[in-house]
Every structure is written in structure tokens, then in C-alpha cells.
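As C-alpha cells, the structure follows; a few thoughts come after it.
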Amino acid sequence: MGPSGSGKSTLLHVAALLDPPSSGSVWLDGTCLSAADGTGLDDDARSLFRLRRLGFVHQTYPMVVALTPLENVMLPAEYAGMDRAAARTRAVDLLARVGLASHANRDVRTLSGGERQRVAIARALVNRPVAVFADEPTAALDTTTGAQVLDLLFAESRASGAALVLATHDPTVAARADHLLRLSGGRLG
Ligand SMILES: Nc1ncnc2c1ncn2[C@@H]1O[C@H](COP(=O)(O)OP(=O)(O)OP(=O)(O)O)[C@@H](O)[C@H]1O
Ligand SMILES: [Mg+2]
């Protein structure tokens, strides 16, 4: 948690291996994944680790509009090497769990913001990540829809055994966390 400009997105992007650190290093389970001095995994290994072990839910739920919601959820699983039939089964199950079974084959451009964010949650979980990072995942949603999306994100991360690392400036969202860390001027307090 922290005010605008305190470094929440930066920290999540570095921790989730989307951006390199400008100093220091990122470790998980005794492995150095990314480091400013160039040690840690090489680029290919780091991309593969991110794909297979980490999930990311963005504030603005980017989707591939040429693909259906089902195909959007399947995509990271297929990139990670899962065969198409298994990826489809996994994606169908996840879409059902986020309440979108009947929307699996819609045009993504016709989905509401809340529906898109639920697809994004399913997509983040498809490879059974050890950690899911969510950057203000409900900032673009109304209060009721945002609360429903958060319920799903917490419940499905827990069901998948994934740690959930969530950035927010909303105290009611922060109140749901098991641990609360405060960022100020780029530093954790
Ligand atoms: N690539 C970059 N190079 C230099 N400065 C950057 C870069 N990205 C972000 N910053 C700066 O770092 C600070 C933290 O930005 P960040 O996006 O992490 O904040 P935030 O806590 O996510 O804010 P918000 O709540 O508005 O999303 C800001 O001052 C921003 O301008
Ligand atoms: Mg931010």
C-alpha cells in the first residue's frame, strides 16, 4: 500500500520479473531470478520462470482481442508447453470458477470491465503459479464489481495455493490482506 508515485507498480513489476531491478536482486525459494549486476537467470530462463511460475493481473486487463476469452486464458498454458486439449480443459474449469462459463467464446470486446478482469484472473492462474501479482486490479471497476472481483482473486489464489501480492491505495482492499506493507518514496516501511 502507498500513495500515487510511491513505487507500487515499480516494485510489483520488478518482483514479477517484468522489469529488471536498477539495484539489488530478486530471489525466490533460494534462487536469484533477476539482479542489477547481471547475475541470476539468463533472459530465456527468466521468461520461462515468469510464464510458468508467476501470474500478473494488470490494472487495465489487456486481452488479445482477436482471441476469445477461452483462448486468452489458454494462451499462457500453451506457451508454457501444455498441450492444447489440457490447456482447454484447464481454461474451461477456470472460466467456470470465475463465473464466465457462458462467456468463453464471446468476442472479448463485448465483455464488461468486471468480466474482463475475471478473465484476467483466470489467465493469471492458468499455469498454477506460486505467486500472483495484482496491480490495483479493481481500480477501474465500480465498488460492487470490484469487491466481487477481489473475492474471486483471493479465493482462487488460495485454492491454487498461490501467494497473492496486491498493490492498492484503497484501505478497504488493504484490510483484506494477511500482511500489509507500506511503501513511501520508493521504500518499504
Ligand atoms: N521507468 C521509469 N523510469 C524512471 N522513473 C520511473 C519509471 N517508472 C516509474 N517511475 C517513477 O517512479 C515513481 C513510482 O512510480 P510507480 O508507477 O511505481 O508508482 P505507483 O505507486 O504505482 O503509483 P500509482 O498509485 O499512481 O499507480 C514515480 O515517481 C514514477 O514517475
Ligand atoms: Mg501504479
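The calculated 222 nm mean residue ellipticity attributable to helices in the chain amounts to -13000 deg cm²/dmol, summing -39500 (n - 2.57) over DSSP H runs of n ≥ 4 and dividing by all residues. Exposure proxy shown here: for H179, H103, the number of other Cβ atoms within 10 Å sets the order, fewest to most, as H179, H103.
Each of R109, R116, R88, R182 was scored by other Cβ atoms within 10 Å of its Cβ. Arranged with the fewest first, they read R109, R182, R88, R116.
Working from Cα pairs under 8 Å separated by at least six residues, relative contact order for the stretch 8-188 is 23 percent. Label-to-label distance for A86 and A35 is 3.3 nm, based on points extended 7 Å past Cα in the beta-carbon direction. Note on E78 and D170: their simple-model spin labels are 3.3 nm apart, each label 7 Å out from Cα toward Cβ.
Between the stretch 1-40 and the stretch 58-92, the C-alpha centres lie 26 angstrom from each other.
With Rh defined as the Kirkwood radius, the inverse of the mean 1/r over Cα pairs, the Rg/Rh of the stretch 104-189 is 0.99. For the chain, dividing the convex hull volume of the Cα atoms by the residue count gives 123 Å³ per residue. In terms of its Cα atoms, the stretch 43-132 spans 36, 29, 23 Å along the principal axes, sorted from long to short.
Values in this text are rule-based calculations from the coordinates and carry no lab data. Computed from a predicted structure; not experimentally measured. Ideal geometry is used to build each Cβ from the backbone, glycine not excepted, and the neighbour counts take in all protein chains shown.
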